[in-house]
Amino acid sequence: MTASDNPILTIENLTVDFLSEGDPVRAVDNVSFNVCPGETLVILGESGSGKSVSTGTVMGLIDCPPGDIVAGSLIFDGTDLSRLDENARRMLNGRRIAMIFQDPLAHLNPVYTVGRQIAEVFEAHGNGDVGSVRDTVVKLLERVGIPDAAKRVDYYPHQFSGGQRQRVMIAMAIALKPEILIADEPTTALDVSVQSQILELLSDLQRETGMALIMITHDLEVAAAMADRIIVMNGGKVVESGKAQDVFTNPVHAYTRRLMSAAPFGGACPERPRTKVRGEALLQVQHLSKHYVLGAGPFSPKKEFRAVDDVSFTVHQGETVGIVGESGSGKSSIARMLLRLDQPTTGQAFFAGEDILTLEGRALNSFRRRVQMVFQDPFGSMNPRMNVYSIISEPWVIHRDILPRPRWDDRVVELLELVGLKAEHAHRHPHQFSGGQRQRVAIARALASEPDLIVCDEAVSALDVSIQMQIIGLLADLRDRLGLSYIFITHDLPIVREFADRILVMQQGKVVEESDTEMLFNSPKHAYTKSLLDSVPRPKWHGNSLTRHL
Amino acid sequence: MLGYISRRAYHSIISLIGLLTLVFFLTRLTGDPSALYLPLDSSLEARAAFARLNGLDQPIHVQFLQYLQNLLSLDFGQSLRQNRSAIEVALEAFPATLKLAVVAMTLATALAILVGALAAARPRSLFDRIAGLVSLAGASMPDFWIAIVGILVFAVGFGLLPTSGTGTGLHWIMPIAVLMLRPFGLLVQVVRGTMISALASPYIKTAQAKGMKRRKIIFGHALRNSLLPVITVAGDLATGLINGAVVVETIFGWPGIGKLMIDSIIQRDFAVVQSTILVTAVAIFIVNIAIDVLYVTLDPRIRY
């Protein structure tokens, strides 16, 4: 692609405040950047770094108030966007600058067909109405890779898959061939294989139309795969900017260095000495299955959906087993059945020799304290009205024999310090913590009942990269100190490479491959495992292809 | 959808039978009709003859079985007061109520959607504050009081409107205004609330990014999504009106089913009371089905 040197958008000294309860909070602080036609600029940063706010001002999507552009200019093709009135702004949005968002399901109106929603772009800019542009809309849908577009143009958003919804959003954005496309975390909610397809589509469209692409992401791999230039934001400020390869290989700012050390192709990660000697078998799962009956009506034939299909595996004492798969592959269903939150259709699971799937009453209760779970969403999995002390001590209320009441205070402090929090945190409520701190509280809560096995269901997926590494580090440290075993469920391959001893790869409810971690990464056997590994985006400066092809 | 409607109809018939049973026994608790329909000094024989004629001399369970048997042949009993088929009396009064309810609900809903949407578009603006005040007052002021004050001011004071009765278009104004007040007030609050959350939805951002006009975003995207809860509440209020706007019909002398029901209860005209209940129950069933159908047409994700 050829990038011209005359910026189409230049942002200078942009400063944005948010007014909350009197005190203005500075969300964007003196940020400057520009983007040229045909170029891809990646804005890299963790949550709260101000990256979405700075591009939101370009589209006028920041509500003022509470938002307030304190200083700076946004020059697009000679006009300052911050000085436009509503109508002039409207004429640019969708026609010359377009945007796609992180969560396409929420960003599409559920009650209108996708065809109509795409047609609205033409209508809003006086290029025909919903009826007359139908053929154009079908062509657009075909271009972004929606199969059977002529029929599915009349479908509603909920009738598409996650990846297809993002394709619909892209079709909507490129409808009038905008000069700038802003993509705000466009692949964050998608599976890796779908992610690479969407990134490929964006690159292709950019080559065809020569538009400038501003991509916001927190994902280092995505950033490396797409960027010509990168700016790194932290705490509302630009801390680093430059050519993509330079930023990745020679980061200058301390924050960028820390961030890049988490990158799988960045600095070398110290290899963890793996426990070669396996302890005794702690958990043996045999032929576990979960079937759901679909569409069982008096007149429709029963259909069976096999969420988990004949899965067997063993977890040894002190071992970490990773379960990897895309959404819907059945990995969380396994976790829920092992914790007896769901009833399996068939199968057995022996925990320390006891069949846990048939336990009831008191026996079930005493098993529960030995296996604990850390959930994906640290915001939703804690009762907002309980303070940290009550959250951590709750297992002791249920299991009276763990700890006598007088020792609770000391033990809560001990546990908090064990997970890297402070004693004074005990009397705070969940909303007063960051995501990473909350996940630490969740781990402390899991440890409170002194379990042998902890099941982590996407436990770090909702966290920023640098926090992810901290939490993984904490889990590894606890494993070595307390002799814990883990089942670590994730869709994120690089993370398990750091952490797991053995990996199960799941697809459509079945285990398609099981092997030691290094072996799996170095010589994957099953085609699906290979395709998963191939989907990890590779840096743009390494060549033309977006993803690795073996 | 048709299967769903027939299933709902089947369930409704069961609850209708329960309702009619309850009403049958409750009306008979009000006392002996012969005490009202015969002169005070009638002889015991005359009373016995009246009871025999109307089947009131039988034990109550026999009367009930007889009633059920008659229902099966669509015989709903005779009005004691008017000496003709009770269901005829009820069906004759129903259109007056229906007209009142339809006009009042349509006006109240349309107005509430407009006011609520505009208030939500500019929260905390002057318009929003006034709309909030008016709707709260409308929702909370008792209708009998408003009706009486209305008569006092517009009929007695200025002489602009008739005090009661039917006939001219002017007769409609006060009953409808009073009936509208509560649904309007409640609906404005519902529309405003659901619209504010709809306007904060991500798809509104998409619409802005497309460059759509604000008016189209508010009425095309946000309103359509906030209509479901509005319809639920509006449907509930509509059944309340169909059920006989008893107070308003009584105050304004409107010959509707609510007034008929009250009169029949007072006069111990059992068959008519039962028939009015039957008519309104069927009407409420139809309204509920209509709401379900509206749900499906408004939200493609809902399927029965």
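The values are calculated or read from the model by the stated rules, or taken from the named source; none is laboratory data. Remember, it's a predicted structure, so these values are computed and weren't measured experimentally. Here the Cβ positions follow ideal geometry from the backbone for every residue, glycine too, while neighbour counts run over all protein chains shown. Just the protein is used for accessible areas: all its heavy atoms, side chains included, with ligands, DNA and RNA removed. Shrake-Rupley method; radii C 1.70, N 1.55, O 1.52, S 1.80 Å.
Which of the residues that make up the stretch A:104-119 are at the interface with another protein chain (Cβ under 7 Å from one of its Cβ atoms) and open to solvent by less than 10 Å² (accessible area, probe 1.4 Å)?
A:108, A:109, A:111
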All conditions in (1) under 27 Å from residue B:76 (Cα atoms); (2) crowded, with 19+ Cβ neighbours inside 10 Å; (3) over 12 Å from the mean Cα position of the chain (by Cα); (4) not charged (D, E, K, R) are true of residue B:279 except (3)
Exclusive hit being open to solvent by less than 40 Å² (accessible area, probe 1.4 Å) and among the β-branched types (Val, Ile, Thr), set B:293, B:247, B:272 | B:272
What is the number of the single condition among (1) over 30 Å from residue A:176 (Cα atoms); (2) buried (at least 19 other Cβ atoms within 10 Å of the Cβ) that residue B:193 does not meet?
-> (2)
Taking the stretch B:64-82 and keeping residues without any contact (Cβ under 8 Å) to a residue 12 or more places away in the chain and assigned to a helix (DSSP H, G or I) leaves B:65, B:66, B:68, B:69, B:70, B:72
Would you check if there is a residue in the stretch A:277-286 being open to solvent by less than 30 Å² (accessible area, probe 1.4 Å), acidic (Asp, Glu) and at pLDDT 80 or above?
-> no
Considering only the stretch A:342-356, state which residues are without any contact (Cβ under 8 Å) to a residue 40 or more places away in the chain and open to solvent by less than 80 Å² (accessible area, probe 1.4 Å).
-> A:353, A:355, A:356
Name the one entry in A:34, A:30 that is part of a strand (DSSP E or B), open to solvent by 10 Å² or more (accessible area, probe 1.4 Å) and at positive phi.
-> A:30
Scan the stretch B:226-239 and give yes if some residue there is in a helix (DSSP H, G or I) and free of Cβ contacts under 8 Å to residues at least 12 places away in the same chain, otherwise no.
-> yes
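Quick grid of which residues meet (1) crowded, with 22+ Cβ neighbours inside 10 Å; (2) in contact with a strand residue (DSSP E or B) (Cβ under 8 Å, 6 or more places away or on another chain):
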| position | (1), (2) |
| --- | --- |
| A:44 | yes, yes |
| A:75 | no, yes |
| A:78 | no, no |
| A:82 | no, yes |
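Would you mind finding the one in B:214, B:182, B:224, B:192 that is among the charged types (D, E, K, R) and within 24 Å of residue A:58 (Cα to Cα)?
It is B:214.
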Residues of the stretch A:315-356 satisfying the condition of being part of a strand (DSSP E or B) and acidic (Asp, Glu) | A:354, A:355
Look through the stretch A:120-137, keep the residues that are under 21 Å from residue A:201 (Cα atoms) and buried (at least 20 other Cβ atoms within 10 Å of the Cβ), and return whichever of them is nearest to the other protein chains (Cβ to nearest Cβ).
-> A:121
When you look at residue A:160, is it of a type outside the set (Lys, Arg) and either more than 10 Å from every other protein chain (Cβ to nearest Cβ) or over 14 Å from residue A:176 (Cβ atoms) (or both), yes or no?
-> yes
Looking at B:130, B:113, B:148, which one is under 12 Å from residue B:188 (Cα atoms) and surrounded by fewer than 19 Cβ atoms within 10 Å (Cβ to Cβ)?
-> B:130
Which members of the stretch A:85-103 meet the condition of being more than 9 Å from chain B (Cβ to nearest Cβ) and open to solvent by less than 50 Å² (accessible area, probe 1.4 Å)?
-> A:88
Counted residues in the stretch B:1-50 being closer than 30 Å to residue B:294 by Cα, of a type in the set (Phe, Trp, Tyr) and either in a loop (DSSP other than H, G, I, E, B) or open to solvent by less than 40 Å² (accessible area, probe 1.4 Å) (or both) come to 1
Given B:181, B:187, B:199, which one is within 13 Å of chain A (Cβ to nearest Cβ) and closer than 21 Å to residue B:135 by Cβ?
-> B:199
Residue selected from the stretch B:211-221 under the condition within 9 Å of chain A (Cβ to nearest Cβ) and part of a helix (DSSP H, G or I), by the criterion surrounded by the fewest Cβ atoms within 10 Å (Cβ to Cβ) = B:214
Which residues, counting only those in the stretch A:311-325, are within 15 Å of residue A:282 (Cβ to Cβ), surrounded by 19 or more Cβ atoms within 10 Å (Cβ to Cβ) and β-branched (Val, Ile, Thr)?
-> A:315, A:320, A:321
Looking at (1) open to solvent by 60 Å² or more (accessible area, probe 1.4 Å); (2) at pLDDT 90 or above, which is the one condition that is false for residue A:513?
-> (1)
Just give me the residues in the stretch B:270-304 being within 14 Å of chain A (Cβ to nearest Cβ) and not basic (Lys, Arg), in sequence order.
-> B:294, B:295, B:296, B:297, B:298, B:299, B:300, B:302, B:304
Could you list, in sequence order, all residues of the stretch A:50-77 that are within 14 Å of another protein chain (Cβ to nearest Cβ) and acidic (Asp, Glu)?
-> A:63
Out of all the residues in the stretch A:7-27, is one or more in a loop (DSSP other than H, G, I, E, B) and open to solvent by less than 20 Å² (accessible area, probe 1.4 Å)?
-> no
For the stretch B:12-31, pairs from a residue that is of a type in the set (Ser, Thr, Tyr) to a residue that is modelled with pLDDT under 90, with Cβ under 6 Å and 6 or more apart or across chains, are B:12/B:285; B:27/B:270; B:30/B:268
Looking across the stretch A:357-393 at residues that are polar (S, T, N, Q) and part of a helix (DSSP H, G or I), the single one that is surrounded by the most Cβ atoms within 10 Å (Cβ to Cβ) is A:393
